[in-house]
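Student: Please find one structure pasted underneath; my questions will follow.
The values are calculated or read from the model by the stated rules, or taken from the named source; none is laboratory data. For clarity, every value in this text was computed on a predicted model and none was experimentally measured. Note: ideal-geometry Cβ built from the backbone for every residue, glycine included; neighbour counts use all protein chains shown.
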Amino acid sequence: MTCRAVRRSLPLLAGDDLGSGKTAKVRAHIAACDACRLEAATYAAARAVVRTFAREDRPPAWTEPEWRAAVRAAAGAVPAERKRTPVPRLRPVPAYVLAIALAAAGVVAVLHKTPHRAPGAALAGISSSAAELAGPIGPELRRPAGPHLTTIRFNLKDGSIKVVWFFNRDFKTDFYGK
Amino acid sequence: MDEREKGLVERVLSGDQAAFAPLVEPYRDRLLGLAYRITRNAEDAKEVAQETLLRSFKYLANFDVEKSFKSWLFQILVHAARNHGAKRGREASLARSDSARQAALLNASGPEKGHEDVELRSKLMDCLDVLSPRERAVFLLRDVEDLNVRETAAALGSSVVSVRVHLSAARKKIRQRIRDKHPEILGGDRP
């Protein structure tokens, strides 16, 4: 250990408050280093002095009647009930959260249960650009058990964008998957 | 916690109020002494010690008999002193003048005590004055009341690491204070 590291530990060493491993290292260093040993001695002396002051100092004491009155007053207090560990309770869910969750579940259920429509029929309800988008998908779509179609239209300043999702029966977008 | 204390705690909890006096009697002077060194005022110290007794009786049912009763009592005292200090704005009194402090010390000692007592207490308070409230509490519990670091941490409701940090800072400050104000004590051996 370096002298610098040892000196940081000296205040705690004075009261034997370092961990056992560190104490051994610091003691080994100060056994070989006069400057650090002297420094350690000053901490020990300062601590001993204050402890002596405290031991010899007689702070104000209770008179017998004061003490009796204090104990009597304390023992006359109403004991508090034993602290119990609180049982964790679920907080009530706000109604609007419940409503949103139910609505979301409903949408998913409807999407999942919607009977299959032929791609042509589905595409008939959307704009021609979306039909073009959906057009080149190939024969996979024309199967009776083909994908479901979901669209969202975004109205912008200069026109609109329609996003089309194709889902297979398993509600997955990888409609090319076998 | 020894068997005697355990038995007394059980008696108090079963409704025997008379068992409370022998339970706290061994700590009678230490409670007031620690309260005085924290608050530095005899009247406040008595109020804090009284509050400690009151709370210890009131909350005795929450005390874990496997732990140290002394640490638990000191923990209550430190909290009571902190609350009392906050209530009275006692922190401001730390800056009071030397003469005012001398008068307070004389007052606390009583007329029958000698000048030596006052001087001794003045030196002790002088050393404690340089510490922050937290450092003072840590130092008093560890170095004056002889609680170990774990017990001190439990009494203050803080971690062992925090206690070590404050203890180290407190001892550094006290050594420096003794060097500056009472160099003869350390033999004037400045590095």
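Student: Find the residue count for segment B:9-39, including only residues that are crowded, with 20+ Cβ neighbours inside 10 Å and either at the interface with chain A (Cβ under 10 Å from one of its Cβ atoms) or over 20 Å from B:Arg136 (Cβ atoms) (or both). Before you say what the answer is, go through the steps one by one.
Tutor: At the first step, the residues of segment B:9-39 found to be crowded, with 20+ Cβ neighbours inside 10 Å are B:12, B:20, B:23-24, B:27, B:31-39.
Now narrow it down to the ones that are either at the interface with chain A (Cβ under 10 Å from one of its Cβ atoms) or over 20 Å from B:Arg136 (Cβ atoms) (or both): B:12, B:20, B:23-24, B:31-37.
Of the residues in that region, 11 qualify.
Student: Are there any pairs with C-beta distances below 8 angstrom linking a residue in segment B:141-157 that is more than 11 Å from chain A (Cβ to nearest Cβ) to a residue that is assigned to a helix (DSSP H, G or I) and acidic (Asp, Glu), with the two at least 6 apart or on different chains, and if so which?
Tutor: From residues that are more than 11 Å from chain A (Cβ to nearest Cβ), the pairs are B:Leu141/B:Glu151.
Student: One residue is enough: does segment B:118-134 have a residue meeting the conditions modelled with pLDDT of 85 or more and assigned to a helix (DSSP H, G or I)? Write out each step before concluding.
Tutor: Let us first name the residues in segment B:118-134 that are modelled with pLDDT of 85 or more, namely B:130-134.
Now narrow it down to the ones that are assigned to a helix (DSSP H, G or I): B:133-134.
Within segment B:118-134, one or more residues are modelled with pLDDT of 85 or more and assigned to a helix (DSSP H, G or I).
Student: Scan segment A:11-51 for residues that are free of Cβ contacts under 8 Å to residues at least 24 places away in the same chain, crowded, with 20+ Cβ neighbours inside 10 Å and not in a helix (DSSP H, G or I) and report the count.
Tutor: 2
Student: Still on this structure, I have one more. Give, as residue ranges, the helices (runs of 4 or more DSSP H) completely inside segment B:13-70 that count at least 2 residues that are within 17 Å of the chain's Cα centre (by Cα). Write out each step before concluding.
Tutor: Working: elements: B:20-24, B:28-39, B:42-58.
By residue number, B:28-39, B:42-58.
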